[in-house]
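The values are calculated or read from the model by the stated rules, or taken from the named source; none is laboratory data. For clarity, every value in this text was computed on a predicted model and none was experimentally measured. Because the Cβ atoms are built from the backbone with ideal geometry, glycine has one as well, and the counts that use them run over all protein chains shown. Just the protein is used for accessible areas: all its heavy atoms, side chains included, with ligands, DNA and RNA removed. Shrake-Rupley method; radii C 1.70, N 1.55, O 1.52, S 1.80 Å.
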Amino acid sequence: PAAHELASRMAAMPTRALGLIKQTLDAAAANPLAQQLEVEADNQVRAQAGEDFKEGVRAFLEKRQPRFTGK
């Protein structure tokens, strides 16, 4: 039951952003600090360009739950 609850919560999250977070964390072990900061900055730009970011901001301003699509 706990695993199903966690999976449900994660499925409702912005999956594209979660993928970018995973990519950033995976790169961290192999990158020197300066390169890792570039990876993080690039992924922030990618996340902010997506529809899920816009939906998150709209939902926050409208005081409602976001409906993420993974885009």
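Here are some notes:
- Distance in nm between pseudo-label sites at Gln48 and Arg64 (7 Å out along the Cβ direction from Cα): 2.6 nm
- Counting only residues at least eight positions apart within a chain, or on another chain, the lysines with an alpha carbon under 26 Å from that of Lys63 are Lys54, Lys71.
- Per residue solvent-accessible surface (Å²) - region 1-43, probe of 1.4 Å: 75 Å²
- Full extension of the chain segment joining Glu40 with Leu6 gains 9.7 nm, where the gain is 0.36 nm per residue of separation less the Cα-Cα distance.
- Net charge, Asp52 excluded, C-beta distance under 14 Å - Lys, Arg +1, Asp, Glu -1: +4
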